[in-house]
Amino acid sequence: MKIKKYTGISLESILTKVKNDLGENAVILSTKKLENEKLFGLPKIVVTAAIAPPVIEEKINNQKISDKEAIIKIIETIKQKARKNKSEPSVQSATHLEKENNIEEIKEEIREIKSLLKKYTIKDSLLKEKEYGTIYEYLKKCNVEEEIILDILESIKQNKSLSNIRNILKNELEKRFNTKSIDLNTTAKAFVFLGATGVGKTTTLAKLASISIFKNKRKTAIATFDTFRIGAHEQLEKYARLLGAPLKVISKHENSLEIISNMLKEYTLFIDTSGISQYNQFKIREMKHIIPSNEKINNILLISANSHPGEMKRIIENFGQSLEIKNLIITKCDETEKPGHLLSLYKYTRIPISFITVGQNVPEDIKEAKKLILINKVLYGTL
């Protein structure tokens, strides 16, 4: 087995490097974020990956060991390692904290392998039947995570009927999408758009602001904070002129709550923010102090449809630690054919998806995130 370590500040770029270096069959063994080691002001991320031969087998008494037996053997090895470490003088002389960390690492390894063993057991049981194997392969092609596929297959098996598999499958996917619309035709309210650089915040803001103005006939204003990247104000000014909406740049030295409250007396307000990496906790916490906490202020987090499931989880977790996120908007759905990985969102959060964007045209290329639309996109690549 070939094992390599990769270091960087973006998990997405590291995973791309792993894929390019080790190929499609690469396995991620561990991912660690080193908060005390910085690179360009951001914590380092260390990913340990491996590539194994296509067929792994070991002979004992001329019998092949199955994957499950191999995993059990590894668990026993880790347990022996734990017992050995407990008795070694070097560990005895280590600090209490170091010993606890070593034990926790070993426990975590055991938990991961037990989870993997359970997955193999379920998979072996389900895929013995041809119909389930067909569904499994199709959902894999739709980019659905294996854990989600097995969960779906287990649920389908409980129905004890595959007579109408199309409807059954749609029902299972429907359970795993949490959607809720944003009422843009409401009393004066501020909508704040958050997310990483390049996710499409400014364009999405313009799309929803245009719906507020032209469809709902509401008095609408656009605002932004002065922490913006160079050139972003110009894009907002262009949209504001096209929409006939006033634009307010809020300085961090001003009382943002007072300014927003005064604007809400007359307008529905759409507020743009600068793009922030999900790993830049300093900037996210800074945004918390800039955006006031108020029941009329609705924080919306934007996530790209082509984000890796692990990255989606980190985006939601890291933004959610400092900011109260009320809704999600999935952008760039036109840039991925079958975004089955969006089904993983239900594992990470109960924040509902409210809209999806499907292009750059304002205001056309935005759709309310209805479950049937998402299901059709995942299963058939169409809206």
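What tally of residues in the range 243-278 results from selecting those that are among the polar types (S, T, N, Q) and in a loop (DSSP other than H, G, I, E, B)?
Going through the range 243-278 one residue at a time, the tally reaches 6.
Between Asp334, Asp365, which is outside the structural domain of Asn143 (by TED's automatic domain parsing) and closer than 19 Å to Thr197 by Cα?
One residue alone meets the criteria, Asp334.
So which residues in the range 306-331 are among the hydrophobic types (A, V, I, L, M, F, W, C) and surrounded by fewer than 20 Cβ atoms within 10 Å (Cβ to Cβ)?
Within the range 306-331, Ile316, Leu323, Ile325 qualify.
Do you know which of the residues in the range 211-247 that are of a type in the set (S, T, N, Q) and modelled with pLDDT of 90 or more is farthest from Asn299 (Cα to Cα)?
So the residue we want is Asn216.
Take the conditions under 20 Å from the mean Cα position of the chain (by Cα), in a helix (DSSP H, G or I) and either surrounded by 19 or more Cβ atoms within 10 Å (Cβ to Cβ) or not acidic (Asp, Glu) (or both) and apply them to Leu343. Does it pass?
Yes, satisfied.
In the range 159-190, which residues are under 21 Å from the mean Cα position of the chain (by Cα) and either crowded, with 21+ Cβ neighbours inside 10 Å or not in a loop (DSSP other than H, G, I, E, B) (or both)?
Across the range 159-190, the qualifying residues are Glu172, Leu173, Glu174, Lys175, Arg176, Thr179.
State which residue pairs qualify: first residue more than 21 Å from Lys347 (Cβ to Cβ) and modelled with pLDDT of 75 or more and inside the range 147-171, second residue loosely packed, with under 11 Cβ neighbours inside 10 Å and β-branched (Val, Ile, Thr) in any location, beta carbons under 6 Å apart, and separation of 6 or more residues or different chains.
none
Just wondering, is there one or more residues in the range 295-315 that are of a type in the set (Val, Ile, Thr), assigned to a helix (DSSP H, G or I) and under 16 Å from the mean Cα position of the chain (by Cα)?
Yes, there is a match, as at least one residue in the range 295-315 is of a type in the set (Val, Ile, Thr), assigned to a helix (DSSP H, G or I) and under 16 Å from the mean Cα position of the chain (by Cα).
Of the residues Ala223, Ala240, Ala206, Ala196, which is surrounded by 14 or more Cβ atoms within 10 Å (Cβ to Cβ) and in a strand (DSSP E or B)?
Ala223
The values are calculated or read from the model by the stated rules, or taken from the named source; none is laboratory data. Note that the structure is predicted; figures quoted are calculated from it, not measured. All Cβ positions, even for glycine, are placed from backbone atoms using ideal geometry, and neighbour counts span all protein chains on display.
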